[in-house]
Amino acid sequence: MNAVLADGDGVQFDTRRFHLRMAVVFVLIAFGGFTPSYWAPVFSGTFHMPPIAHIHGILLFSWALFYLAQTAWVAAGRTPAHRAWGMAGIALFSVMLCSIIVLKITMIRLDDARGLGDAARRFSAIGFCALPLLIVLFALAIANVRRPEIHKRLMYVVMAGLMVPAMARVFIALLAPAGAASAGPPPAFVSIPPTVVAVLLVVVAMVHDWRTRGRPHAVYVYGAAAMMLSNLLSVYVAGTAAWMSTARFLESLGG
């Protein structure tokens, strides 16, 4: 099929296939990463958490499937369908972010009731500090919707960033000692390895750009750097008195 395409069309076709394949990878990570801690316990009837945990899980996985569908439409040449569902995507992403905030506050309150409030507040810095970057990247993606080369790369970086919690569950399942879950929230620095994996997902896209464009797109370069710096900043912030006060304020919003 590539043989009948002009050079520029061939690059576009190859890029669309790349994004579609990576969208499948994102879905597999989102599902596989949460299988030990969520999907398996849910199906076995041993998952006991507030309803917001289910709402958040459904929204997050729905977003991964939505991204796959949007990418598939573009890969199939059905760009009008991709654009027609744009507003639905904005709504889904917004509700998903709200569910993250509510879930984080809920988890702090639950851990506080177990006498693990300070550990929960420190660990919550990882999620709360990641939100501004995700919001900025998504907003930039929407602002550049008529510039597809920028739009699709920003959305890719957003998806890579959303894979951090799923990858963290993989590290916990493989490396955490027995009984670690009952010991409460881990220290903030455990978020660094899964963030490195998320950055490597962006590096994969850089390599693809290098092969097809001769250089990685600036969106990937700055996006990967921002992801890593944001995580390192959150690890630093987590232990500060200012963040503990902020976390207590956020906790108070739960009633």
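What is the one condition in (1) in contact with a Gly (Cβ under 9 Å, 6 or more places away or on another chain); (2) in a helix (DSSP H, G or I); (3) under 20 Å from ALA23 (Cα atoms) that GLY89 does not satisfy?
Of the numbered conditions (1) in contact with a Gly (Cβ under 9 Å, 6 or more places away or on another chain); (2) in a helix (DSSP H, G or I); (3) under 20 Å from ALA23 (Cα atoms), the odd one out for GLY89 is (1).
For segment 26-86, list the helices (runs of 4 or more DSSP H) that sit wholly inside it and hold at least 3 residues that are hydroxyl-bearing (Ser, Thr, Tyr) and modelled with pLDDT of 95 or more; which are they?
Those helices (runs of 4 or more DSSP H) span 51-75.
Can you tell me which residue is surrounded by the most Cβ atoms within 10 Å (Cβ to Cβ) among those in segment 182-207 that are at pLDDT 95 or above and more than 20 Å from LEU233 (Cα to Cα)?
Step by step, filter segment 182-207, then rank; the result is ALA205.
With respect to LEU233, is the statement that it is open to solvent by 70 Å² or more (accessible area, probe 1.4 Å) and touching a residue at least 60 places away in the same chain (Cβ under 8 Å) true?
It is true that LEU233 is open to solvent by 70 Å² or more (accessible area, probe 1.4 Å) and touching a residue at least 60 places away in the same chain (Cβ under 8 Å).
Tell me yes or no: at least one residue of segment 120-128 is open to solvent by 50 Å² or more (accessible area, probe 1.4 Å) and over 23 Å from PHE31 (Cβ atoms).
The answer is yes, given that some residue of segment 120-128 is open to solvent by 50 Å² or more (accessible area, probe 1.4 Å) and over 23 Å from PHE31 (Cβ atoms).
Can you run down the residue pairs with Cβ atoms below 9 Å, 6 or more apart or on separate chains, where the first is in segment 41-57 and closer than 18 Å to ILE108 by Cβ and the partner is part of a loop (DSSP other than H, G, I, E, B) and open to solvent by 30 Å² or more (accessible area, probe 1.4 Å)?
ALA53/PHE47
Going by what's in this entry, would ILE101 be described as among the hydrophobic types (A, V, I, L, M, F, W, C) and crowded, with 19+ Cβ neighbours inside 10 Å?
When the stated conditions are applied, ILE101 does not pass them.
Do any residues in segment 16-30 that are closer than 15 Å to MET206 by Cα have Cβ atoms under 6 Å from those of residues that are open to solvent by less than 20 Å² (accessible area, probe 1.4 Å), where the two are at least six apart or on different chains, and which pairs are they?
PHE18/HIS208; HIS19/THR71
Are there any pairs, at least 6 apart or on different chains, whose C-beta atoms fall under 8 Å, with the first in segment 135-153 and free of Cβ contacts under 8 Å to residues at least 12 places away in the same chain and over 14 Å from ALA226 (Cα atoms) and the second outside any helix (DSSP H, G or I) and open to solvent by 60 Å² or more (accessible area, probe 1.4 Å), and if so, which?
The qualifying pairs are HIS151/VAL145.
Cβ contacts < 7 Å: first residue closer than 12 Å to ALA88 by Cα and of a type in the set (A, V, I, L, M), restricted to segment 63-74; second residue open to solvent by less than 40 Å² (accessible area, probe 1.4 Å) and assigned to a helix (DSSP H, G or I), any location; separation 6+ or different chain. Result?
Nothing qualifies.
Could you tell me whether segment 155-174 includes any residue that is part of a helix (DSSP H, G or I) and exposed (fewer than 14 other Cβ atoms within 10 Å of the Cβ)?
yes
Output the number of the condition that PHE43 fails; it satisfies all remaining conditions of (1) open to solvent by 50 Å² or more (accessible area, probe 1.4 Å); (2) among the aromatic types (Phe, Trp, Tyr); (3) within 18 Å of LYS152 (Cβ to Cβ).
Among (1) open to solvent by 50 Å² or more (accessible area, probe 1.4 Å); (2) among the aromatic types (Phe, Trp, Tyr); (3) within 18 Å of LYS152 (Cβ to Cβ), the lone unmet condition for PHE43 is (3).
Look at PRO165 and say whether it is within 15 Å of the chain's Cα centre (by Cα) and either modelled with pLDDT under 95 or on the phi > 0 side of the Ramachandran plot (or both).
Yes.
Taking the condition of being in a helix (DSSP H, G or I), closer than 30 Å to VAL27 by Cα and at pLDDT 95 or above, how many residues in segment 211-255 meet it?
Total satisfying the criteria: 19.
The values are calculated or read from the model by the stated rules, or taken from the named source; none is laboratory data. Note that the structure is predicted; figures quoted are calculated from it, not measured. Ideal geometry is used to build each Cβ from the backbone, glycine not excepted, and the neighbour counts take in all protein chains shown. Just the protein is used for accessible areas: all its heavy atoms, side chains included, with ligands, DNA and RNA removed. Shrake-Rupley method; radii C 1.70, N 1.55, O 1.52, S 1.80 Å.
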